[in-house]
Structure formats: C-alpha cells, structure tokens
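Only one structure is covered here, and it is reproduced in the block below.
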Amino acid sequence: GGYVGAEDRSWGKTGYGFYSVSMKAASCPGVISSFFIYNGFPWDEIDIEFLGDDTTKVQFNYYKNGVGGHEFVYDLGFDASKEFHRYGFRWTADSITWFVDGVPVYKVTTNKNATTGTNLRVVDKLPSTAGRMLTNYWCGNERAWGWMGQYTGAVKDQGTEYQWIAT
C-alpha cells in the first residue's frame with residue numbers, strides 16, 4: 001500500500017546509436033530514476049540510474065547475457081533533482097560512452113589497445129542485442145535497500161520528471 005512507480009517503453013527495439021534524455025531525478029531514499037535500453041532475452045541492458053538517496057551522483061551500468069556488476073558511480077558536481085540536465089550514451093559494437101550535458105564522462109570498450117584510467121575501462125564483452133528504450137521510476141523492497149536505501153514513504157517525493165528523449 002502506498003507504493004508508486006511508473007514505466008514507459010518504446011514499442012520497437014533499437015540497436016547501436018546515441019541515446020539521450022533531459023530529466024530531473026527524484027530525491028527520495030529507496031527510489032530509482034532511470035533511462036536505459038533493455039532486451040529481455042538475452043538480457044542485454046545499458047543503464048543510467050539515479051539512486052534517490054544521493055542525487056549528486058549518477059550510476060552507469062550494463063548487462064551482457066544477464067551478467068551485470070559493471071556499475072560506475074559518477075559525481076555530477078550538482079544535484080540532479082534540482083533542475084533538468086541531459087544524460088545519454090553512445091553505444092557501438094566495441095564501446096559505450098556515457099555523457100552528462102553533452103560531455104563524455106565514462107567509457108567502457110573492448111579495444112585492448114585503449115589506455116585505461118579512472119573513467120575508461122577495457123572489458124571483454126558488451127551488450128550487442130537491440131532492445132527497447134525505457135524510462136522508469138520505482139521503489140525497492142528490503143532486498144535492494146543495501147543498494148538504493150530504504151523507502152519509508154516518509155519523504156515527500158516529487159517523482160521523476162522527463163522533458164524529452166532523443167535517439
């Protein structure tokens with residue numbers, strides 16, 4: 001009782017390309033505001049996620065054949081719940097680059113010759129299956145509290161706002 005959430009998803013599936021959203025994240029412990037590409041089988045996914053207990057950071061992640069654990073948390077230098085900002089990613093056969101307000105801030109690549117660093121990682125596999133574009137806003141249960149904080153409903157939550165989506 002009292003839990004809320006919402007999801008929008010594209011009807012068709014899309015593959016490699018550039019994806020962008022203008023959004024304001026929800027600021028409330030225990031909620032997620034997100035924009036991502038997802039394919040149910042095989043489970044390939046590319047994420048932009050805001051954990052509501054600290055909206056000064058954004059989490060980038062991806063899944064390949066159901067294997068995740070590639071989270072990267074980027075310190076934005078601003079509070080994503082206060083005003084609209086642009087977030088996006090460029091997905092190619094050999095890399096995913098995430099952007100904040102048009103600036104590349106993190107990249108994963110299968111190019112073994114790439115120089116690794118704080119915001120660049122060389123990986124073995126990347127998502128390759130076309131999927132649906134999704135936006136969603138949801139609260140977690142006790143299994144997710146260690147990751148996203150505990151939703152108590154006590155905080156007045158304004159929800160997530162999306163201004164536009166572009167590909």
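The values are calculated or read from the model by the stated rules, or taken from the named source; none is laboratory data. Every value quoted in this text rests on a predicted model; they were computed, and no experiment measured them. Cβ atoms come from the backbone with ideal geometry, glycine included; neighbour counts cover every protein chain shown. Surface accessibility is based on the protein's heavy atoms, side chains included, excluding ligands, DNA and RNA. Shrake-Rupley method; radii C 1.70, N 1.55, O 1.52, S 1.80 Å.
All of Asp47, Asp8 fail the test of being within 21 Å of Trp164 (Cα to Cα), open to solvent by less than 20 Å² (accessible area, probe 1.4 Å) and among the charged types (D, E, K, R), apart from Asp47.
Within the range 112-126, track down each residue that is exposed (fewer than 10 other Cβ atoms within 10 Å of the Cβ) and either at pLDDT 90 or above or of a type in the set (Asp, Glu) (or both). Selection gives Lys112, Asn113, Asp124. Within the range 33-73, can you find the residues that are in contact (Cβ under 8 Å) with a residue 40 or more places away in the chain, hydroxyl-bearing (Ser, Thr, Tyr) and over 18 Å from Asp8 (Cα atoms)? Residues satisfying the conditions are Tyr62, Tyr63. Where strands (runs of 3 or more DSSP E) sit wholly within the range 85-167, those with at least 1 residues that are over 20 Å from Ile32 (Cβ atoms) occupy 85-91, 95-100, 103-109, 120-122, 161-166. Count of the range 99-111 residues, restricted to those that are under 14 Å from the mean Cα position of the chain (by Cα) and either under 21 Å from Met148 (Cα atoms) or open to solvent by 50 Å² or more (accessible area, probe 1.4 Å) (or both), is 1. Does any residue of the range 79-86 turn out to be under 22 Å from Glu161 (Cα atoms), open to solvent by 20 Å² or more (accessible area, probe 1.4 Å) and among the acidic types (Asp, Glu)? Checked against the condition, which is being under 22 Å from Glu161 (Cα atoms), open to solvent by 20 Å² or more (accessible area, probe 1.4 Å) and among the acidic types (Asp, Glu), the range 79-86 yields at least one hit.
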